[in-house]
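Before any comments, here is the structure.
The values are calculated or read from the model by the stated rules, or taken from the named source; none is laboratory data. Bear in mind the structure is a predicted one, so any value in this text is a computation, not a measurement. Here the Cβ is made from the backbone with ideal geometry for all residues, glycine too, and neighbour counts use every protein chain on show. Heavy atoms of the whole protein, side chains included, go into the accessibility calculation; ligands, DNA and RNA do not. Shrake-Rupley method; radii C 1.70, N 1.55, O 1.52, S 1.80 Å.
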Amino acid sequence: MTSNPYAPPTTVNSKDQTHVAASRLRRGPALYIAGFGLVGGFGSVPFLALQNPIGFAVVLLGCILGGLVYRFRSRNWPHDPTIPHRQLLFSAFAVLLPPGVLFLFAGPYGQGPAIVMIGLIVGVSVAFGIFTSGTRRLNALPIESDPSELS
């Protein structure tokens, strides 16, 4: 016999309910870093049009500002102990992936090395934004602090 589809849901323990609700939310700094990096990219166009190398630093400042905005927004969220490992992994992808893909498209001849340098600048900027964002995440389960850490 099948169960009644109109029956009320079964009650869930409060610890299980927080874990279920927290596992559905994925709030990370990627949109902040990419969004502010894109704004920095648009802001760098006037500098690069005048062949001013400060334009390359504007993208870096945009990604770092995105990480700082996320850090300010997440100041009351719990620390996630798994974040430092993921930060290293994601920053390695950010540094290696854009220049590698651009090198495959541009090739080693002609404009290839210059395009790879631009990809490297963007990748390093994103990596700095990842490390600037900190280790607080909304979906992190709060960990109990040691009494020695309170003082």
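Quick notes
- When the alpha carbon gyration tensor of segment 28-136 is reduced to an equivalent ellipsoid, the three semi-axes, largest first, read 27, 18, 8 Å.
- In sequence order, calculated HN-Hα J values of segment 45-50 (Karplus, 6.51, -1.76, 1.60; Hz; x Gly/Pro): 4, x, 5, 6, 5, 8
- Each peptide in 34-47, 125-138 was scored by the mean count of other Cβ atoms within 10 Å over its residues; highest first, the order is 125-138, 34-47.
- Once both labels are positioned 7 Å from their Cα atoms along Cα-to-Cβ, the gap between LEU48 and ALA114 label points is 1.2 nm.
- Whole-Hz Karplus values for segment 63-79 come out as 5, 5, 5, x, x, 5, 5, 5, 4, 5, 5, 9, 5, 9, 7, x, 6 Hz, taken residue by residue from phi with 6.51 cos²θ - 1.76 cosθ + 1.60 and θ = phi - 60°; glycine and proline positions read x.
- By accessible area with a 1.4 Å probe, ligands and nucleic acids excluded, highest first: order of TYR6, TYR32: TYR6, TYR32
- The LEU38 and HIS79 beta-carbon pair, evaluated with R₀ = 30 Å, returns a calculated FRET efficiency of approximately 0.60.
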